[in-house]
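To start, the structure under review is shown below, and the notes come after it.
Taken together, the values in this text are just the output of simple stated rules run on the coordinates, not laboratory data. No experiment lies behind these values; they were computed from the predicted model shown. No Cβ is skipped: glycine too gets one built from the backbone with ideal geometry, and neighbour counts run over all protein chains shown.
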């Protein structure tokens with residue numbers, strides 16, 4: 001049996017309820033739990049813990065638990081994890097959390113403009129499902145800044161998609177990124193891509209994939225974490 005630790009940046013009550021969490025955070029956690037509950041090759045127990053309690057959670061496992069570190073499946077849904085924490089994706093989380101350095105790397109190595117999207121109303125996210133056999137690129141998600149609503153898919157021209165795929169491939173390769181779901185956040189300066197940041201987990205924008213993409217990004221994340229295959233990503237319109 002494995003122990004799945006879903007790490008969040010909010011407090012968790014003894015009952016397991018997220019204390020003072022945004023509705024989107026609750027949606028993320030529930031979607032992740034549903035993905036884990038689907039048929040999987042391993043028997044698991046699931047715990048949701050705040051990042052501030054990680055050391056205690058590891059030093060004081062649940063009563064009766066004899067699980068070791070190798071039995072833990074880490075599933076952080078936040079970049080705010082302690083720098084001293086030892087877990088398989090530590091290096092990629094640290095790289096993504098250092099937004100300034102990551103932007104400098106993208107600008108200097110790959111020649112893309114970087115910074116927060118300041119023109120227009122929207123941010124965009126390219127989902128990348130990085131499997132053991134290579135990347136699958138999902139349909140782009142749009143975030144309207146004023147409403148904070150997320151929409152998938154965004155209709156992009158092939159001439160817009162290919163530079164995005166190329167950037168994502170170069171960046172993930174340079175970071176020696178492990179298999180998981182990534183969200184590459186970007187904007188546009190007229191027609192030019194502006195790289196913003198990279199998330200190494202299905203963040204809030206991934207909620208847009210629920211009921212729209214098959215498998216959704218949370219299911220993809222769980223499959224990547226447990227070495228299950230993801231063959232293809234398909235879009236089913238919500239009004240279908």
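Some notes on this structure:
- Three-way shape call for the stretch 92-235 based on the alpha-carbon gyration tensor, with the a/c threshold at 1.5: oblate
- For the chain, averaging the sequence separation of C-alpha pairs within contact (under 8 Å, six or more residues apart) and dividing by the residue count gives a relative contact order of 20 percent.
- Cα centroid separation, the stretch 185-239 to the stretch 69-101 (Å): 19
- Within the chain, helix-based [θ] at 222 nm, where runs of 4 or more DSSP H residues each add -39,500 (n - 2.57), nearest 500: -7500 deg cm²/dmol
- For the chain, the longest principal axis of the Cα atoms and the long axis of helix 158-174 meet at an angle of about 40 degrees.
- Fluctuation leader among 141, 207, 72 - the chain, Gaussian network, Cα springs under 10 angstrom: 72
- Sites residue 228 and residue 191 - FRET efficiency at Förster radius 41 Å, r taken between beta-carbons, to 0.05: 0.60
- Where labels lie 7 Å past Cα in the beta-carbon direction, separation of residue 116 and residue 43 in nm: 4.9
- The chain: most fluctuating residue of 175, 157, 225 per GNM, C-alpha cutoff 10 Å: 157
- Largest GNM mean-square fluctuation among 159, 176, 91, using the chain with Cα springs under 10 Å: 159.
- Residue 98 versus residue 158: modelled label distance in nm, points set 7 Å from Cα along the beta carbon direction: 3.9
- Two-site label geometry, residue 11 and residue 91: point separation in nm, points 7 Å out along Cα→Cβ: 3.7
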